[in-house]
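Novice: Pasting in a structure now, in structure tokens, and then I'll have a few things to ask.
The values are calculated or read from the model by the stated rules, or taken from the named source; none is laboratory data. Remember, it's a predicted structure, so these values are computed and weren't measured experimentally. All Cβ positions, glycine included, derive from the backbone under ideal geometry; neighbour counts span all protein chains shown. Surface accessibility is based on the protein's heavy atoms, side chains included, excluding ligands, DNA and RNA. Shrake-Rupley method; radii C 1.70, N 1.55, O 1.52, S 1.80 Å.
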Amino acid sequence: MKIDDELLGKLNEAKTIVFFTGAGISAESVIPTFRGKDGIWNKLKPEELANFNAFLKNPDMVWEWYQHRKKIIHESEPNPGHIAIAEMQNQFPEVAVVTQNIDNLHRRAGSKIIYELHGNIERNYCIKCHKYYNTELDFSHGVPKCECGGLIRPDVVWFGEYLPQDQFRFSEEISSRADIFFIVGTSAVVYPAASLIYSAKARGAFLIEVNIEPTEASSIMNRSFFGKAGEILPEILSTIIAKN
Ligand code: BJW
Ligand code: ZN
């Protein structure tokens, strides 16, 4: 990995840094991604599982997927990529994480400003009365139900559903002010989340991608670093610290 002088200059001057992250940042914490060779669960595409109609049709199957993922998440730890992002808070005046992930690993790594675009696996709500259930659910009698009789679902964003308005608005606001906008471990194919990349670019942010392979958005990047986030991000952090 080579950090050139122009990039070093941008990093030196930057005040507001945004990290836009996806499933790839957590891949080294052994949490499977959605797409790609390891990204398929029971041969179903994310569009077929992360979907309200799929939940109504087969809530057991969808809950099985979330319980399985919740177990993996609970057994996982933040990796050097999450930790490097959290440590960037000591290097720049303003650092925010805009994440598509539901796994809490940025929070556990110590990042303070985090906007969650696709919800959080630790929260659940009733599809009928919207009551929240944020403690451990009881699956002993099948899919858990609310006291009103409605099915309880995870508080995550499925295809065709609106993103939490406040989280998206805060993300847009900080992305529009970002001096540097990092795009880490996302295939950048899911909207409106991926639109933040283009609006940050339009507002003048310097775009830096970190991914193991090129993505939909690679062509508009100012810099692309191809490799594991858990290796590249600590290297970028060390270079910044060495120059300060
Ligand atoms: C590494 C690495 C390492 C691996 N280091 N890198 C046609 C055109 C445009 C839009 C649409 C369309 N048709 C439909 C839409 C809208 C739709 C959409 O975008 N669909 C596209 C797929 C076509 N979007 C929506 O429906 C959204 N809502 C919406 O639009 O509302 C408006 C509306 C309302 C009502 C009616 C109509 C419209 C909602 C999207 C919700 C997405 N939900 C999920 C599930 C969340 C909960 C959960 O986790 O279970 O979000 S799906 C899944 O995809 C999840 C992710 O957050 C999201 C993005 O995936 P991500 O994070 O990028 O992961 P991967 O697996 O794709 O990529 C991993 C990357 O990491 C890869 O690039 C690897 O190379 C890399 N990597 N190891 C660095 N070690
Ligand atoms: Zn209810």
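Novice: Considering only helices (runs of 4 or more DSSP H) fully contained in segment 1-66, which possess at least 3 residues that are open to solvent by less than 50 Å² (accessible area, probe 1.4 Å)? Show your work before the answer.
Specialist: Details: elements: 5-13, 46-49, 52-57.
Once the helices (runs of 4 or more DSSP H) in segment 1-66 are filtered for at least 3 residues that are open to solvent by less than 50 Å² (accessible area, probe 1.4 Å), what remains is 5-13.
Novice: Within segment 99-135, take every residue that is more than 16 Å from ligand 1 (Cβ to nearest atom) and not in a loop (DSSP other than H, G, I, E, B) and give me the one that is surrounded by the most Cβ atoms within 10 Å (Cβ to Cβ). Break it down stepwise before answering.
Specialist: Start the filter on segment 99-135 by keeping residues that are more than 16 Å from ligand 1 (Cβ to nearest atom), which leaves 108, 110-113, 126, 128-135.
So of that shortlist, the ones also not in a loop (DSSP other than H, G, I, E, B) come out as 108, 126, 132.
Values: ARG108: 15, CYS126: 19, TYR132: 12.
Among residues in segment 99-135 that are more than 16 Å from ligand 1 (Cβ to nearest atom) and not in a loop (DSSP other than H, G, I, E, B), the one surrounded by the most Cβ atoms within 10 Å (Cβ to Cβ) is CYS126.
Residue by residue, here is whether (1) under 23 Å from SER171 (Cβ atoms); (2) within 18 Å of the chain's Cα centre (by Cα) holds:
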site	(1), (2)
ALA54	no, no
PRO59	no, no
VAL62	no, no
LYS70	no, yes
PRO80	no, yes
ILE83	yes, yes
MET88	yes, yes
VAL97	yes, yes
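Novice: Kindly indicate whether PHE206 is touching a Leu at 6+ places or on another chain (Cβ under 9 Å) and either within 16 Å of ligand 2 (Cβ to nearest atom) or at pLDDT 95 or above (or both). It would help to see each step written out before you state the result.
Specialist: On the way: touching a Leu at 6+ places or on another chain (Cβ under 9 Å): yes; either within 16 Å of ligand 2 (Cβ to nearest atom) or at pLDDT 95 or above (or both): yes.
So PHE206 passes the test.
Novice: Could I ask something else about it? Do we find that SER140 is open to solvent by 30 Å² or more (accessible area, probe 1.4 Å), part of a loop (DSSP other than H, G, I, E, B), more than 19 Å from HIS106 (Cα to Cα) and more than 16 Å from ligand 1 (Cβ to nearest atom) in this structure? Give the steps one after another, and end with the answer.
Specialist: On the way: open to solvent by 30 Å² or more (accessible area, probe 1.4 Å): yes; part of a loop (DSSP other than H, G, I, E, B): yes; more than 19 Å from HIS106 (Cα to Cα): yes; more than 16 Å from ligand 1 (Cβ to nearest atom): yes.
Yes: the conditions hold for SER140.
Novice: Hey, can you tell me all the residues within segment 192-236 that are open to solvent by 30 Å² or more (accessible area, probe 1.4 Å), more than 26 Å from PRO46 (Cα to Cα) and of a type in the set (Gly, Ala, Ser)?
Specialist: Hits for segment 192-236 are ALA202, GLY204, SER224.
Novice: Do you know which residues across segment 145-191 are without any contact (Cβ under 8 Å) to a residue 40 or more places away in the chain and open to solvent by less than 50 Å² (accessible area, probe 1.4 Å)?
Specialist: Applying the first criterion (without any contact (Cβ under 8 Å) to a residue 40 or more places away in the chain) to segment 145-191 yields 145-150, 152, 155, 162, 165-166, 169, 172-173, 176, 191.
Once the filter is applied, which keeps residues that are without any contact (Cβ under 8 Å) to a residue 40 or more places away in the chain and open to solvent by less than 50 Å² (accessible area, probe 1.4 Å), segment 145-191 yields CYS146, GLY149, GLY150, ILE152, ASP155, SER176.
Novice: Now, a different point. Name the residue, out of TYR133, TYR115, that is more than 8 Å from ligand 2 (Cβ to nearest atom), in contact with a helix residue (DSSP H, G or I) (Cβ under 8 Å, 6 or more places away or on another chain) and among the hydroxyl-bearing types (Ser, Thr, Tyr). Give the steps one after another, and end with the answer.
Specialist: Working: TYR133 fails: in contact with a helix residue (DSSP H, G or I) (Cβ under 8 Å, 6 or more places away or on another chain).
After ruling out the rest, the residue left standing is TYR115.
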